[in-house]
Amino acid sequence: MNYFELIKSRFSVRSFKKEAIAVETLNAILEAGRLAPTACNNQPQKVYAVKSEEKRAALAKVSPCTFGAPTVLVVGYDKTRDWKNRRMPGYSSGETDAAIVCTHMMLAAWELGVGSCWVGVFNADEVSAALGLPENIRVTSLLPIGYPADDAKPMDLHSQYRDFDDTVAIL
């Protein structure tokens, strides 16, 4: 499938098979995240592949949106490694870097037949506490992943897009 077919066909999967993701497939998805570009190539990202039933249950207690996925990728960044922009005081590249990493993994997963759903419905401190993450890690998103259930389908709004001229300006 070419890139535009891939991005047009991908949708947020909220219903997964119980089947575990093959190790080689999971490693390929994680590698896609590792290869993602980051500001100044600082690579502040940290991805936790949550596979154990105990840890997935802990995540489900702090976010209603893990959807019973067999694996949940917890994506964040190390606050001691992110790039700080001296020209814009207070700016950190961490959230943007983590978002790019998450996007790379989401698209790689779809290419490999694995569904995902980008989740922001959680409190980062609660996720960190539930998983026992270090204080220097800031969680930015959850990415439940797994093989889509037979009844998985895009939400009704999935293919509704604002007009090109409403989202793009050529200056």
Problem set entry | Helical mean residue ellipticity (222 nm; -39500 (n - 2.57) per DSSP H run of 4+; nearest 500) of the chain | -10000 deg cm²/dmol
For this session: Pull up the cross-link candidates among the aspartates and glutamates for LYS79, meaning alpha carbon to alpha carbon under 16 Å and not fewer than 8 places away within one chain.
Result: GLU95, ASP97, ASP125, GLU135
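Throw me the Rg/Rh for region 1-88, computed over C-alpha atoms with Kirkwood Rh, two decimals. If you can, show how the numbers build up before the last one.
Numbers: Rg = 16.0 Å, Rh = 15.6 Å.
Looking at region 1-88, the ratio lands at 1.03.
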Seminar exercise, completed: HN-Hα couplings for region 73-88 via Karplus (6.51, -1.76, 1.60; θ = phi - 60°), in whole Hz with x for Gly/Pro, come out as 8, 9, 10, x, 9, 8, 5, 8, 10, 5, 7, 9, 8, 5, 7, 9
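If r is the Cβ-Cβ distance from SER9 to ALA129 and R0 is 35 Å, what FRET efficiency results, to the nearest 0.05? Write down the numbers at each step before the final one.
Numbers: r = 37 Å, r/R0 = 1.05.
About 0.40, to the nearest 0.05.
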Exercise. Once you wrap a convex hull around the alpha carbon atoms of the chain, what is its projected area averaged over all directions, in nm²?
Worked result: 11.9
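Could you compute the longest span of the chain free of GluC sites (Glu not before Pro) located in DSSP loops and having at most 15 other Cβ atoms within 10 Å, not counting the site residues?
Values: sites that count: GLU19, GLU135.
Within the chain, the longest run free of exposed GluC sites (Glu not before Pro) spans 20-134.
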For this session: List the pair-distance distribution P(r) of region 104-171, using every Cα-Cα distance, as the percent of pairs falling in each 5 Å bin from 0 up to the bin containing the longest distance, rounded to whole percents.
Result: 3, 12, 14, 15, 16, 17, 12, 7, 3, 0
For this session: Using the Cα centre as the reference, give the magnitude of the dipole from point charges on the C-beta atoms of the chain (Lys, Arg: +1; Asp, Glu: -1; all else neutral), rounded to the nearest 20 debye.
Result: 400
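For the cross-link pairs LYS17/LYS153; LYS8/LYS46; LYS18/LYS55; LYS51/LYS153; LYS17/LYS51, which exceed 18 Å when the distance is taken from alpha carbon to alpha carbon? Can you show the working numbers first?
Details: LYS17/LYS153 13 Å; LYS8/LYS46 28 Å; LYS18/LYS55 16 Å; LYS51/LYS153 24 Å; LYS17/LYS51 14 Å.
Pairs exceeding 18 Å: LYS8/LYS46; LYS51/LYS153.
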Exercise. Ordered by residue, what ³J(HN,Hα) values in Hz, to whole numbers, does region 101-117 give under the Karplus form 6.51 cos²θ - 1.76 cosθ + 1.60, where θ = phi - 60° and Gly and Pro are x?
Worked result: 4, 4, 4, 4, 5, 4, 6, 4, 4, 4, 4, 9, x, 10, x, 8, 8
Exercise. Taking amide H positions as placed 1.01 Å from N in the peptide plane, with prolines and chain starts having none, which residues 5 or more places from LEU73, or on another chain, fall under 5 Å of its amide H?
Worked result: VAL50, LEU143, ILE145
Exercise. Taking H as built 1.01 Å from N, whose amide H comes closer than 5 Å to the amide H of CYS117, not counting residues under 5 places away?
Worked result: VAL13
Seminar exercise, completed: Nearest-0.05 FRET efficiency for ASN27 and THR167 at R0 = 35 Å, using Cβ-Cβ distance, is 0.50
Problem set entry | Exposed-loop-free span, longest in the chain, where trypsin sites (Lys or Arg not before Pro) count as exposed if DSSP calls them loop and at most 11 other C-beta atoms lie within 10 Å | 88-161
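Just so you know, all these numbers are worked out from the coordinates, no wet-lab data involved. Quick caveat: nothing in here was measured; it's all calculated off a predicted structure. Backbone-built Cβ (ideal geometry, glycine too); neighbour counts: all protein chains shown.
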